[in-house]
Number of protein chains: 2
Amino acid sequence: MNNKELISDIAIKMNLSKSEVQDLTDNFLDCCISQLQDGKSIGFQSFGAFEVIKREERISVHPQSKERSLIPPKLVLNFKQSQILKEKINSNL
Amino acid sequence: MNNKELISDIAIKMNLSKSEVQDLTDNFLDCCISQLQDGKSIGFQSFGAFEVIKREERISVHPQSKERSLIPPKLVLNFKQSQILKEKINSNL
């Protein structure tokens with residue numbers, strides 16, 4: 001399912017127009033992203049938690065050439081599903 | 001940051017009441033969850049993609065007692081951050 005289908009689903013459920021829902025979704029994701037950019041984590045009880053984690057720099061050795069290179073540090077977004085979501089997903093297994 | 005703070009942030013940004021935003025967020029997450037429950041994946045270009053993955057059943061051996069037990073299959077939610085989000089998060093590194 002892509003973004004468009006999800007938005008039309010939500011629009012029907014909430015009795016709003018698609019463009020309103022598109023706006024809301026964009027704003028929602030924007031707020032989430034700006035929180036994460038500030039290094040803050042976000043949590044939703046019914047869904048899960050997002051947390052920005054720093055991967056430290058490390059030295060990588062090329063297996064053939066034995067050349068060593070420095071992999072720079074980077075930030076990655078980690079997602080941990082909540083217990084509620086875990087149970088919901090597995091309910092029809 | 002918890003759910004409440006995020007909601008008041010979005011409410012300010014969108015010029016809506018907190019209860020309206022709470023409603024929207026709940027509906028948004030509900031729609032996402034019901035999609036995932038149907039085994040469908042969800043993707044947002046600006047954020048990332050969620051996909052339900054099946055972990056097959058496997059036999060686990062207790063290291064001390066050597067007792068063997070069957071771990072049942074389970075469904076887990078996998079999140080993959082999008083390229084756009086990756087760049088945004090790393091922009092102030």
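Summary table
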item	result
Flag if A:Ile7 is facing chain B (nearest Cβ under 7 Å) and either without any contact (Cβ under 8 Å) to a residue 40 or more places away in the chain or over 23 Å from B:Glu51 (Cβ atoms) (or both)	no
Sole residue being modelled with pLDDT of 90 or more, over 22 Å from B:Phe47 (Cβ atoms) and among the aliphatic types (A, V, I, L, M), chosen from A:Ile53, A:Ile59	A:Ile59
Subset of segment A:68-93 (residues that are out of contact with any Gly (no Cβ under 9 Å at 6 or more places or on another chain) and part of a strand (DSSP E or B))	A:Arg68, A:Ser69, A:Leu70, A:Ile71, A:Lys74, A:Val76, A:Asn78
Residues being more than 8 Å from chain B (Cβ to nearest Cβ), of a type in the set (S, T, N, Q) and in a helix (DSSP H, G or I) - total across segment A:10-36	3
A:Ser65 being away from chain B (no Cβ under 11 Å) and in a helix (DSSP H, G or I)	no
Residues being surrounded by 15 or more Cβ atoms within 10 Å (Cβ to Cβ) and closer than 17 Å to A:Leu24 by Cβ - total across segment B:36-66	4
Qualifying positions in segment B:37-47 - of a type outside the set (D, E, K, R) and either touching a residue at least 40 places away in the same chain (Cβ under 8 Å) or on the phi < 0 side of the Ramachandran plot (or both)	B:Gln37, B:Ser41, B:Ile42, B:Gly43, B:Phe44, B:Gln45, B:Ser46, B:Phe47
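The values are calculated or read from the model by the stated rules, or taken from the named source; none is laboratory data. It should be emphasised that the depicted structure is a prediction, and the values quoted were computed from it without experimental measurement. Note that we place each Cβ from the backbone using ideal geometry, even for glycine, and neighbour counts take in every protein chain shown.
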